[in-house]
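Asks: Got a structure for you, questions after.
The values are calculated or read from the model by the stated rules, or taken from the named source; none is laboratory data. Because the structure is predicted, anything quoted here is derived from the model rather than measured. Neighbour counts are summed over all protein chains in view; Cβ atoms, including those assigned to glycine, are modelled from backbone coordinates with ideal geometry. For the accessible areas, the whole protein counts, side chains as well, though only heavy atoms, and no ligand, DNA or RNA atoms are used. Shrake-Rupley method; radii C 1.70, N 1.55, O 1.52, S 1.80 Å.
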Amino acid sequence: RKSFRDFDYIVKVVLIGDAAVGKSSLLSKYVDEEFETAYNCTIGVDFKIKSLIIDNKKVKLQVWDTAGQERFKPITNCYFRSSNGCVAVYDICNRESFDNVKIWINDYRENNSIESIENVLLVGNKIDKAEGREVSYDEGKKYAESSKCEFLEASAKSGEGVNELFEAVSKMIIVKMSLAE
Ligand code: GDP
């Protein structure tokens, strides 16, 4: 396709989930040096931008992190609304964070557009800490299937699954964008 644009798709993703599950760590691990950091003062949320190629398409991925603002729901709802999808994170060593991620996902879906609510990727983080595991892979997978999310496990510490998760959510979104074109 002939285009003057620098990118074929601009994709905006939000990271949701309890404090301390590893949202910022996953983003930093993925980022390396390539990311630009910006700050939106209006809503008090950090976001990072990365360019990637998916299926030969140039994708500009913007990732918004709640960055410790988990308690300020009115603020987060404001940036939920303009996103194309979300990565919902829990800590596999913390059952409470798994119970809460379900609430986060429902909340996201209640506050977002029809197109975006399907684009939810559930991520169980901290798989490097196998000895402390409280939520099994199967349990995560089963919940994801029942609530129509994609599912992955990852570790921000070892890096396992990190590239895959950001690519998976971007792909999920652009597939639907290209169908809508
Ligand atoms: P956030 O509040 O969800 O953004 O969580 P942070 O990224 O600040 O991480 C909270 C804590 O968990 C920090 O001490 C991190 O170093 C640690 N952490 C994050 N991801 C992992 C991981 O994959 N494995 C382990 N072992 N620790 C992690």
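Asks: Could you tell me how many of the residues in the range 33-50 are of a type in the set (F, W, Y) and either modelled with pLDDT under 55 or over 19 Å from V162 (Cα atoms) (or both)?
Replies: Total meeting the criteria: 2.
Asks: Further, regarding this structure: Is there a residue being open to solvent by 50 Å² or more (accessible area, probe 1.4 Å) and in contact (Cβ under 8 Å) with a residue 60 or more places away in the chain anywhere in the range 109-125?
Replies: yes
Asks: With the requirement that a residue be within 16 Å of the ligand (Cβ to nearest atom), within 21 Å of S170 (Cα to Cα) and of a type in the set (F, W, Y), what does the range 116-159 give you?
Replies: None; the set is empty.
Asks: Go through (1) modelled with pLDDT under 95; (2) in contact with a Leu (Cβ under 9 Å, 6 or more places away or on another chain); (3) not basic (K, R) for V123 and report which single condition fails.
Replies: Every condition holds for V123 apart from (1).
Asks: Would you pick out the residues in the range 14-31 that are β-branched (V, I, T) and in contact with a Phe, Trp or Tyr (Cβ under 6 Å, 6 or more places away or on another chain)?
Replies: Across the range 14-31, the qualifying residues are V14, I16, V21.
Asks: Let me ask another. So I53 ticks every box in (1) more than 10 Å from the ligand (Cβ to nearest atom); (2) modelled with pLDDT of 90 or more; (3) surrounded by 17 or more Cβ atoms within 10 Å (Cβ to Cβ); (4) aliphatic (A, V, I, L, M) but one. Which box is left unticked?
Replies: (3)
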